[in-house]
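The values are calculated or read from the model by the stated rules, or taken from the named source; none is laboratory data. Predicted model, so just to flag it, every value in this text is computed and none were measured. Neighbour counts run over all protein chains shown; Cβ positions are idealised from the backbone, glycine included.
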């Protein structure tokens, strides 16, 4: 059989995995070249953005700036987190990425204190293929007056399942070890069983932690996020485009388990995906896992 149908263990959505899809000619392995522009996020160009609403400094210089999004999806509820001074930096090269995670928490708390906000979305786009309009490393935080579909599907799973979905998933993945890529004292990184994109990776706290605002182990979390980006790049190329998303419960949600998703954008969605809202992925997670484990041994030896 050249294809498999899998069900996302948290949402119940069906994913098609087809080795034939990987042969399609539009496979993307690298970032599109950026047009030469004056980057508004680089040091010296601060006047091109709005005044910061949050800032981290070291030795009298900013290392993280948060500004309101000029091209906001929702007025007043959309921040851009400029993660570093270096234009070509990325998660795996930003030494202070735990400070970025701290800013995630502060901005989430800010938005959750606004009346009517039900969910705060935190995401990061790298590369035009992943939706980034500016190469300079940045994340976005967006306050929403509604709950997104994936969150609602996951919540339903938590409410109706006899076993805790994420605890059950972690137990199964650790026992099988097939898709498990990296484990630290408090976190686990694995290939998604029913991915949305090839090589989709989840970083999950081992203990039940509903909302990201509760997370205190930011140094360790920063380490495993940086490590997994480095491993993925070792397989998919230094210029790998990807999306990073934070799937988190709200502060009042006590029946959830937050996690991060890294979704490389090395292929494009077609008409089937747009019509049916189902995804076809071109590589089995188990095969992707073999590639990442081989790359891991090389990276660890450096």
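Scanning the range 177-195 for residues that are surrounded by fewer than 18 Cβ atoms within 10 Å (Cβ to Cβ) and either farther than 18 Å from residue 288 by Cβ or in contact with a strand residue (DSSP E or B) (Cβ under 6 Å, 6 or more places away or on another chain) (or both) turns up 180, 184, 185, 186.
Which residue, of 231, 283, is more than 29 Å from residue 119 (Cα to Cα), under 16 Å from the mean Cα position of the chain (by Cα) and crowded, with 16+ Cβ neighbours inside 10 Å? Working first, answer last.
Numbers: 283 fails: under 16 Å from the mean Cα position of the chain (by Cα).
Being more than 29 Å from residue 119 (Cα to Cα), under 16 Å from the mean Cα position of the chain (by Cα) and crowded, with 16+ Cβ neighbours inside 10 Å holds for just one of 231, 283, which is 231.
Quick check: anything in the range 123-132 modelled with pLDDT of 95 or more, part of a strand (DSSP E or B) and surrounded by fewer than 22 Cβ atoms within 10 Å (Cβ to Cβ)? Scanning the range 123-132, I find at least one residue that is modelled with pLDDT of 95 or more, part of a strand (DSSP E or B) and surrounded by fewer than 22 Cβ atoms within 10 Å (Cβ to Cβ), so the answer is yes. Considering only residues in the range 59-73 that are surrounded by 11 or more Cβ atoms within 10 Å (Cβ to Cβ) and assigned to a strand (DSSP E or B), the one that is modelled with the lowest pLDDT turns out to be 68.
Taking each residue of the range 289-302 that is over 15 Å from residue 189 (Cα atoms) and looking for partners that are in a helix (DSSP H, G or I) with beta-carbon atoms closer than 7 Å, six or more apart or interchain, yields 298/234; 299/230; 299/231; 299/234.
From the list 51, 86, the one residue that fits, being in contact (Cβ under 8 Å) with a residue 24 or more places away in the chain, surrounded by fewer than 20 Cβ atoms within 10 Å (Cβ to Cβ), more than 20 Å from the chain's Cα centre (by Cα) and part of a loop (DSSP other than H, G, I, E, B), is 86. Any chance you could count how many residues in the range 154-175 are outside any loop (DSSP other than H, G, I, E, B) and in contact with a helix residue (DSSP H, G or I) (Cβ under 9 Å, 6 or more places away or on another chain)? Adding up the residues that qualify gives 5.
Only one residue in 151, 227, 147 is in contact with a strand residue (DSSP E or B) (Cβ under 9 Å, 6 or more places away or on another chain) and in a loop (DSSP other than H, G, I, E, B). Which one?
Working: 151 fails: in a loop (DSSP other than H, G, I, E, B); 227 fails: in a loop (DSSP other than H, G, I, E, B).
Testing whether each residue is in contact with a strand residue (DSSP E or B) (Cβ under 9 Å, 6 or more places away or on another chain) and in a loop (DSSP other than H, G, I, E, B) leaves just 147.
Number of residues in the range 177-206 that are touching a helix residue (DSSP H, G or I) at 6+ places or on another chain (Cβ under 9 Å) and assigned to a loop (DSSP other than H, G, I, E, B): the value is 13.
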